[in-house]
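Visitor: This is the structure, below, for whatever I ask next.
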Amino acid sequence: MNISDKKRNIGLDIARSIAILLVLFSHTLWISDHYPKVVAAAMQLSGTAGVEVFFIISGFLIGKIVWREIVKPDFSFSNIRHFLYRRWFRTFPNYYLLLMVNVFVWYMIYGELPQKIYRYVFYIQNVTDTSLPFYRVSWSLSVEQFSYIIGPVLLYGLIVLFPKKNRDRFYLYVTILILLIFTLTKVYFYYTYEVANISEWNERIRKVLIYRLDAVYWGFLLRYFYNKYTDWIHSYDRLLLFGGLFIFIFLNILRVPLGISVEETPAFMVILYLAIHSVAIAMTIPYLVRVEIASKALIKFFVTLSVISYSLYLLHYTIILHSMKVIFPSEELRGIALWAYTFLYWGITFLLSYLLYRFFEKPVTDLRDSPGVLKFFGFRKN
């Protein structure tokens, strides 16, 4: 398979590969409660980390595109429209195809349609509360989609009002404004509601849109400093890497033994935890950007895993694992039988994700640059 004719950044492909493996590993815990304790504990920790890595990478890369567009002398709303066109052409087809597959799987299992499907159609399934049990992984896609809109539209408004002002500064101001607003929503939550444990925190904070729209913008903020101070950042990228990894390990492994938890330190967990977690991940990106690998086999592995990660994310949990557990119940599996089931699940997931990417996602995404499609949507091919 020819993944892409364009030069890829292997460091970011590695990060994206690790992120999707962490998510897959985490949701594997749904198979059974009888994994070894160390493995089960690692599974419990890995899901949050994986999704947050995706948010930072997305912000860093999308921020580059937005920056490139707003500094153009002839910047107009057409640039925003073209940016959204490319993003949506990349994300919508897979999402809506698998939304329909999810509806079919749900109906076959439960004999009824899921509740409030319209929310999933408009990406509003988790605006003020966690999404329903149906298509649960889509909560993060809602965060991503609204992130694509809010920042670019605010930037466009500022540039229209103040066309002669420094657009780099506008990029920074809008990014900080969004980070501040959606930090304040968490402050509001802290003073208005309570969460009793990490499970409630996970459902009522981490997966709810109005508390998470800052997630991608930590990647935007990294992009600003990376563009403005590239040489300085790279002179300290190894130090930033180790600092980010230390904070990451502290937040995910060491904080509970040290008494930092939802029960003991709710203000930290509600208001600060996710922001610090995002900063820690962002600190590792400058080093990864310059990573090089000599092995062509490793490069092919990470690039392949990276490009199928979106298909894998959408397929692995509410479609593949949900269906497998209905056909072959796994709750009581132990030992060799449990690991055989686990590796079968992983194998099916990688295979179907590859096939979905190869025969649907990539061909459809490639259509966005075809002259006929561009003309249909009112764009000209550059």
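Visitor: Does at least one position in the range 190-207 carry a residue that is at pLDDT 95 or above, among the aromatic types (Phe, Trp, Tyr) and touching a Leu at 6+ places or on another chain (Cβ under 8 Å)?
Guide: No: the range 190-207 contains no residue that is at pLDDT 95 or above, among the aromatic types (Phe, Trp, Tyr) and touching a Leu at 6+ places or on another chain (Cβ under 8 Å).
Visitor: Does residue 104 satisfy the condition of being without any contact (Cβ under 8 Å) to a residue 40 or more places away in the chain, part of a helix (DSSP H, G or I) and more than 20 Å from residue 66 (Cα to Cα)?
Guide: Values: without any contact (Cβ under 8 Å) to a residue 40 or more places away in the chain: yes; part of a helix (DSSP H, G or I): yes; more than 20 Å from residue 66 (Cα to Cα): yes.
Here the answer is yes, as residue 104 does meet what is asked.
Visitor: Now, a different point. Looking at the range 58-78 only, could you name the residues that are in contact with a Gly (Cβ under 7 Å, 6 or more places away or on another chain) and under 14 Å from residue 218 (Cα atoms)?
Guide: Scanning the range 58-78 gives 58, 59, 60, 63.
Visitor: Taking residue 48, is it closer than 24 Å to residue 307 by Cα, at pLDDT below 95 and within 20 Å of the chain's Cα centre (by Cα)?
Guide: Yes; evaluated as a whole, the condition is true for this residue.
Visitor: Condition first: without any contact (Cβ under 8 Å) to a residue 40 or more places away in the chain and over 24 Å from residue 206 (Cβ atoms). Now tell me which residues in the range 39-68 satisfy that.
Guide: Correct list: 65, 68.
Visitor: Do the conditions hold for residue 149, that is, is it touching a residue at least 24 places away in the same chain (Cβ under 8 Å) and out of contact with any Cys (no Cβ under 9 Å at 6 or more places or on another chain)? Reasoning before the result, please.
Guide: Values: touching a residue at least 24 places away in the same chain (Cβ under 8 Å): yes; out of contact with any Cys (no Cβ under 9 Å at 6 or more places or on another chain): yes.
The answer is yes for residue 149.
Visitor: Scan the range 237-251 and give yes if some residue there is surrounded by 14 or more Cβ atoms within 10 Å (Cβ to Cβ), under 25 Å from residue 44 (Cβ atoms), at pLDDT 95 or above and in contact with a Lys or Arg (Cβ under 6 Å, 6 or more places away or on another chain), otherwise no.
Guide: Within the range 237-251, not a single residue is surrounded by 14 or more Cβ atoms within 10 Å (Cβ to Cβ), under 25 Å from residue 44 (Cβ atoms), at pLDDT 95 or above and in contact with a Lys or Arg (Cβ under 6 Å, 6 or more places away or on another chain).
Yes or no, residue by residue, for (1) in contact with a Lys or Arg (Cβ under 7 Å, 6 or more places away or on another chain); (2) of a type outside the set (A, V, I, L, M, F, W, C); (3) modelled with pLDDT under 95:
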residue	(1), (2), (3)
52	no, yes, no
62	no, no, no
66	no, no, no
71	yes, no, yes
76	no, yes, yes
92	no, no, no
104	no, no, no
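Visitor: In the set 309, 353, which member is touching a Lys or Arg at 6+ places or on another chain (Cβ under 7 Å) and among the hydroxyl-bearing types (Ser, Thr, Tyr)? Show your work before the answer.
Guide: Details: 353 fails: touching a Lys or Arg at 6+ places or on another chain (Cβ under 7 Å).
Being touching a Lys or Arg at 6+ places or on another chain (Cβ under 7 Å) and among the hydroxyl-bearing types (Ser, Thr, Tyr) holds for just one of 309, 353, which is 309.
Visitor: How about the range 19-41: which of its residues are buried (at least 17 other Cβ atoms within 10 Å of the Cβ) and either charged (D, E, K, R) or over 20 Å from residue 344 (Cα atoms) (or both)?
Guide: Within the range 19-41, the first condition is being buried (at least 17 other Cβ atoms within 10 Å of the Cβ), and the residues that meet it are 19-20, 22-29, 31-32, 35.
Selection gives 19 alone.
Visitor: I need the full set of residues from the range 326-376 which are under 15 Å from residue 90 (Cβ atoms) and either touching a His at 6+ places or on another chain (Cβ under 9 Å) or among the aliphatic types (A, V, I, L, M) (or both), in order please.
Guide: Of everything in the range 326-376, those that are under 15 Å from residue 90 (Cβ atoms) and either touching a His at 6+ places or on another chain (Cβ under 9 Å) or among the aliphatic types (A, V, I, L, M) (or both) turn out to be 356, 364, 367, 373, 374.
Visitor: Specify which of the listed residues (121, 103, 143) is within 30 Å of residue 356 (Cβ to Cβ) and in contact with a helix residue (DSSP H, G or I) (Cβ under 6 Å, 6 or more places away or on another chain).
Guide: It is 143.
Visitor: Now, a different point. Out of 131, 147, I need the residue that is under 17 Å from the mean Cα position of the chain (by Cα) and modelled with pLDDT of 95 or more. Which one?
Guide: 147
Here is a yes/no grid of residues against (1) crowded, with 16+ Cβ neighbours inside 10 Å; (2) without any contact (Cβ under 8 Å) to a residue 40 or more places away in the chain; (3) within 21 Å of residue 24 (Cβ to Cβ); (4) not acidic (Asp, Glu):
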position	(1), (2), (3), (4)
234	no, no, no, yes
255	yes, yes, no, yes
265	no, yes, no, yes
271	yes, no, no, yes
277	yes, no, yes, yes
281	yes, no, yes, yes
292	no, no, no, no
306	yes, no, yes, yes
312	yes, no, yes, yes
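Visitor: In the range 71-101, how many are buried (at least 21 other Cβ atoms within 10 Å of the Cβ) and either in contact with a Pro (Cβ under 7 Å, 6 or more places away or on another chain) or hydrophobic (A, V, I, L, M, F, W, C) (or both)?
Guide: Count: 1.
Visitor: Those residues that are of a type in the set (Val, Ile, Thr) and surrounded by 17 or more Cβ atoms within 10 Å (Cβ to Cβ), I need them from the range 341-382; list them, please.
Guide: If the condition is that a residue be of a type in the set (Val, Ile, Thr) and surrounded by 17 or more Cβ atoms within 10 Å (Cβ to Cβ), then 342, 349, 365 are the ones that fit.
Visitor: Tell me yes or no: at least one residue of the range 322-341 is free of Cβ contacts under 8 Å to residues at least 60 places away in the same chain and within 24 Å of the chain's Cα centre (by Cα).
Guide: So far as the range 322-341 goes, no, none of its residues is free of Cβ contacts under 8 Å to residues at least 60 places away in the same chain and within 24 Å of the chain's Cα centre (by Cα).
Visitor: Here's something else I'd like to know. Considering only the range 329-379, give the helices (runs of 4 or more DSSP H) lying wholly within it that have at least 1 residues that are under 19 Å from residue 308 (Cβ atoms), out of contact with any Cys (no Cβ under 7 Å at 6 or more places or on another chain) and not charged (D, E, K, R). Before the answer, list the steps.
Guide: Working: elements: 335-356, 362-366, 371-376.
Those helices (runs of 4 or more DSSP H) span 335-356, 362-366.
The values are calculated or read from the model by the stated rules, or taken from the named source; none is laboratory data. Everything numeric in this text was worked out from a predicted model, so none of it was measured. Methodologically, a virtual Cβ is constructed for each residue, glycine included, from the backbone with ideal geometry; neighbour enumeration extends over all protein chains shown.
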